[in-house]
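See structure below.
The values are calculated or read from the model by the stated rules, or taken from the named source; none is laboratory data. If you're wondering where the values come from, they're calculated on a predicted model, not measured in any experiment. Every residue, glycine as well, gets a Cβ built from its backbone with ideal geometry; the counts of neighbours run over all protein chains shown. Heavy atoms of the whole protein, side chains included, go into the accessibility calculation; ligands, DNA and RNA do not. Shrake-Rupley method; radii C 1.70, N 1.55, O 1.52, S 1.80 Å.
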Amino acid sequence: PTGWQTADIGAVSVGGSATQTNAVFTVKGSGADIWGAADAFRFAYYKLPGDGSIVARVAAVQNVNVWTKAGVMVRQSLDAGSQHASMFVTPGKGLSFQRRPTAGGTSLSTTIAGAAPEWVKVSLSGQTVTASVSSDGSTWTTVGQETITFSGPVYVGLAVTSHDNTRTATATFDNVGVTQP
């Protein structure tokens, strides 16, 4: 859609893709993981000038690995080691609020039970990021909050990593929305 872009972030062996048809996004990504000090994944993204949120329903995520991840993300830059906050759906490890509060720093995770289809949301207000999930898109449960120093514009979007850098994983997203205050 207008204003959206897509790119592989970090060291990926198999290039990914992202398409949108009839309000359904299909994102394919390889990459070893979104974790540690640097990420490797496919990102379909939109640039925000500051505060805002991204929401989507992860309709399906391919089970390449139990830690294959599909979800929504806010990040400072397109660098592999950028600070970020994400709310992921996995095929075998539940729903995970993952974040890297400082560029090149340690990743943190808060995981709860759940599987696709699931609504996921990440909201940024000042330096506070809130990650939430919903089974119906109306009633939201906060999985966690983190203080992350973002400055200026940020990137919000849909992220997919297969957790196997030799293969892509496909995820489908619908009800995608980006809001700004």
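Some notes on this structure:
- Among 140, 35, 67: highest mean-square fluctuation, GNM of the chain, C-alpha pairs under 10 Å: 140
- Max mean-square fluctuation residue, GNM over the chain, Cα-Cα springs under 10 Å, options 74, 133, 154: 154
- Given +1 at the Cβ of Lys and Arg, -1 at the Cβ of Asp and Glu and no other charges, the dipole of the chain around its Cα centre is 80 debye to the nearest 20.
- The chain: most fluctuating residue of 167, 42, 75 per GNM, C-alpha cutoff 10 Å: 167
- Among the listed values (1) 127; (2) 94; (3) 115, the one computed from these coordinates for volume of the Cα convex hull per residue in Å³ is (2).
- Protein heavy-atom surface of the range 28-136, 1.4 angstrom probe: 51% of the accessible area is carbon and sulfur, with nucleic acids and ligands not counted.
- Residue 28 accessible area, 1.4 Å probe, all protein chains in place, Å² to nearest 10: 90 Å²
- Model label sites at residue 13 and residue 37, defined 7 Å from Cα along the beta-carbon direction, differ in position by 2.2 nm.
- Only one residue of 101, 91, 160 has its Cα farthest out toward the positive end of the dipole of the range 72-181, where Lys and Arg carry +1 and Asp and Glu -1 on Cβ, and that residue is 101.
- Rg(Cα)/(2.2 N^0.38 Å) for the range 82-147, N = residue count: 1.09
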